[in-house]
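Asks: One structure, pasted below without further comment.
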Amino acid sequence: MMISTRKFELLVIAYVSLFLVLVMSSLTMVEARAFFVFGDSLVDSGNNNYLVTTARADSPPYGIDFPTRRPTGRFSNGLNIPDLISEAIGNEEPPLPYLSPELRGRRLLNGANFASAGIGILNDTGFQFINIIRMYQQLDYFQQYQQRVSRLIGKPQTQRLVSQALVLITVGGNDFVNNYFLFPYSARSRQFSLPDYVRLLISEYKKILLRLNSLGVGRVLVTGAGPLGCAPAELARSGTSNGRCSAELQRAASLYDPQLLQMINELNKKIGRNVFIAANTNQMQEDFLSTPRRYGFVTSKVACCGQGPYNGMGLCTVLSNLCPNRELYVFWDAFHPTEKANRMIVRHILTGTTKYMNPMNLSSALAL
């Protein structure tokens, strides 16, 4: 009986030890990592709130479905893509806007969002918005951020935090809609044919990504231009009643996205590892844009909030038409997806096949 009891005790100890090992392993696997965000209004979480600019989303009905039910500066009815990715990788809160006074102390270790609505790859993109944080300024802020964190935890730990972090960058769409195609015979359209302009953008974007790599990041998610010509703003601008996407902007996206992927593959080869991951957001949205009802939407053409044809003219304000159920709309305002559409995009980013993600999806990349 004594031997049996002793064996039982040893068995219990072994099971308890195994349980503790499994618990500690699982905690390590879901350990939150710093998250950094760069780009335009698709990923801006409120930096423009602190700037004198017309590119802002800090008044109702923006944020109507956000947990606080208040506008935050996100160009969404609720959560945006960085919020949803942050949630998926186990962070307790999404990175705060870099200009937020609340981004200090230990909260710096969560990362930061440097994005600014209206910006593009080129410095002259978004000039009409007056005061925005252009791409190289965002990168300068990132360098400044690292100096701030170094004072908090030391330089070696800061380098480790940055190298293990996830980075999201979303930029390029404004270089078409708020630059080349902003109005007929724009300065850039007179200067370049569309194919040459796309080559210019890819060349300049490469410099931005190389600078980002030089700042010590280890994993960068790069999103494509998306279906530029299918936004309600472009349907309204074209003045047609058939709801067809703008052919010129769709052509721009079809030229841009493959060259972006090629450039990213070349960068990874040059660096010797897969630092950059390409997300084909155009392909991701194609299904629910062409067959919205299959995905629970009633329309992919009319914005939930706006005015004019397709609710695609002007800003979303308290005076705009507002749909009662945002779950039924692909677009929240003239340019930006609803939270529901964002969730579908992020699902592809996390688990999508090589049809959507190259060279791998985000879940696979973070498991390496």
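The values are calculated or read from the model by the stated rules, or taken from the named source; none is laboratory data. Model, not experiment: these values are computed from the prediction. Note that each Cβ is placed from the backbone with ideal geometry, even for glycine, and that neighbours are counted across all protein chains shown. Remember, those area values only see protein heavy atoms, side chains included, never the ligands or the DNA or RNA. Shrake-Rupley method; radii C 1.70, N 1.55, O 1.52, S 1.80 Å.
Asks: What whole-number volume per residue, in cubic angstrom, does the convex hull of the C-alpha atoms of the range 115-167 give?
Replies: Roughly 80 Å³ of hull volume per residue.
Asks: Can you give me the convex hull volume of the Cα atoms of the range 194-262, divided per residue and expressed in Å³?
Replies: Given the Cα convex hull of the range 194-262, per-residue volume reads 95 Å³.
Asks: If you fit an axis through the alpha-carbon atoms of helix 339-351 and take the longest principal axis of the Cα set of the chain, what angle between them do you get, 0 to 90°, nearest 10?
Replies: With both axes taken from Cα atoms, the answer is about 50 degrees.
Asks: Okay, moving on. Just by accessible area at a 1.4 angstrom probe, what is the order of 206, 269 from largest to smallest?
Replies: 269, 206
Asks: Something else now. Tell me, what is the Rg over Rh of the range 287-336, with Rh the Kirkwood radius over Cα pairs?
Replies: Computed over Cα atoms, the ratio is 0.97.
Asks: Taking the Cα centre of the range 239-368 as origin, sum charge times position over the Cβ atoms of Lys and Arg (+1) and Asp and Glu (-1), and report the length of that vector in debye to the nearest 20.
Replies: 260 debye
Asks: Round to the nearest 10 and give me the degree value, 0 to 90, for the angle of helix 135-153's Cα axis relative to the longest principal axis of the chain.
Replies: Between helix and principal axis, roughly 20 degrees.
Asks: Hey, what did the range 242-368 get for relative contact order, percent, Cα under 8 Å, at least 6 apart?
Replies: Dividing the mean separation by the residue count of the range 242-368 yields 21 percent.
Asks: Hey, how many Å between the Cα centroid of the range 101-129 and the Cα centroid of the range 291-368?
Replies: 22 Å
Asks: Additional query: Inverting the mean 1/r over all pairs of different Cα atoms, compute the Kirkwood radius of the range 223-368 and quote it in Å.
Replies: Evaluated on the range 223-368, it is 16.2 Å.
Asks: For the chain, what is the number of Lys pairs with C-alpha distance below 20 angstrom, counting only pairs 8 or more positions apart or on separate chains?
Replies: Qualifying lysine pairs in the chain: 5.
Asks: Now for a different question. Taking only the Cα atoms of the chain, how large is their convex hull per residue, in Å³?
Replies: 176 Å³
Asks: Follow-up question, since we're still on this one. Report, in debye and to the nearest 20, how large the dipole of the chain comes out about its Cα centre when Lys and Arg carry +1 and Asp and Glu carry -1 on their Cβ.
Replies: My answer is approximately 700 debye.
Asks: Explain nothing, just the number: relative contact order of the range 127-255, from Cα pairs under 8 Å at least 6 residues apart, as a whole percent.
Replies: The value is 29 percent.
Asks: Output the relative contact order of the range 72-188, whole-number percent, from Cα pairs under 8 angstrom with separation of 6+ residues.
Replies: 21 percent
Asks: A follow-up question, please. At 1.4 Å probe size, what's the solvent-accessible area of residue 270? Round to the nearest 10 Å².
Replies: Approximately 150 Å² for this residue.
Asks: Given the rule -39500 (n - 2.57) for each run of at least 4 DSSP H residues, summed and divided by the residues of the chain, what is its mean residue ellipticity at 222 nm, to the nearest 500 deg cm²/dmol?
Replies: Result for the chain, helices only: -13000 deg cm²/dmol.
Asks: Further question: Any idea what log10 I(q)/I(0) is at q = 0.16, 0.18 Å⁻¹ for the range 68-219, Debye with uniform C-alpha scatterers and no solvent?
Replies: Ignoring solvent entirely, the Cα scatterers give -0.98, -1.16.
Asks: For residue 217, tell me the accessible area in Å² from a 1.4 Å probe, rounded to the nearest 10.
Replies: 0 Å²
Asks: Now for a different question. Tell me which residues come under 5 Å, amide H to amide H, from residue 299 once H is placed; ignore anything under 5 positions away on its chain.
Replies: Amide H neighbours of residue 299, under 5 Å, 5+ apart: 330.
Asks: Once the Cα atoms of helix 247-271 and of the chain are each reduced to a long axis, what angle between those two axes, in degrees from 0 to 90 to the nearest 10, is obtained?
Replies: Value to nearest ten degrees: 40.
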